[in-house]
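Only one structure is covered here, and it is reproduced in the block below.
The values are calculated or read from the model by the stated rules, or taken from the named source; none is laboratory data. From a predicted model like this one, the values you see are computed outputs, not experimental measurements. Note that each Cβ is placed from the backbone with ideal geometry, even for glycine, and that neighbours are counted across all protein chains shown.
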Amino acid sequence: MNLAAVLVIFWHCDWAASRALLPNTEIMPCIEITEIVKREKFGGDWNLYLEWWRANRDREYADRDRQLGHAGCNLAET
């Protein structure tokens, strides 16, 4: 899976978790995706990852709120 595809799943997971819409069965896959993003995009640097996340989360969340509302989360549909 390429990084662009991983980022789509990452933001979907992050958004769903922030809205309390992430099913228990998808917590571990989302944690794994987060680790992949941190490793592949930031060389494992937590501070760089956190800076990037903070700079992008509002836009990413707003995009998903418009697209999905509170329809829930299903990684298979991402």
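If you filter segment 1-29 down to residues that are charged (D, E, K, R) and part of a helix (DSSP H, G or I), you find that the one that is nearest to the chain's Cα centre (by Cα) is Asp14. Out of everything in segment 53-74 that is surrounded by 15 or more Cβ atoms within 10 Å (Cβ to Cβ) and not charged (D, E, K, R), what residue ends up being modelled with the highest pLDDT? The qualifying residue modelled with the highest pLDDT is Trp53.
Only one of the numbered conditions (1) out of contact with any Gly (no Cβ under 8 Å at 6 or more places or on another chain); (2) surrounded by 12 or more Cβ atoms within 10 Å (Cβ to Cβ); (3) without any contact (Cβ under 8 Å) to a residue 40 or more places away in the chain is violated by Lys38, and that is (1).
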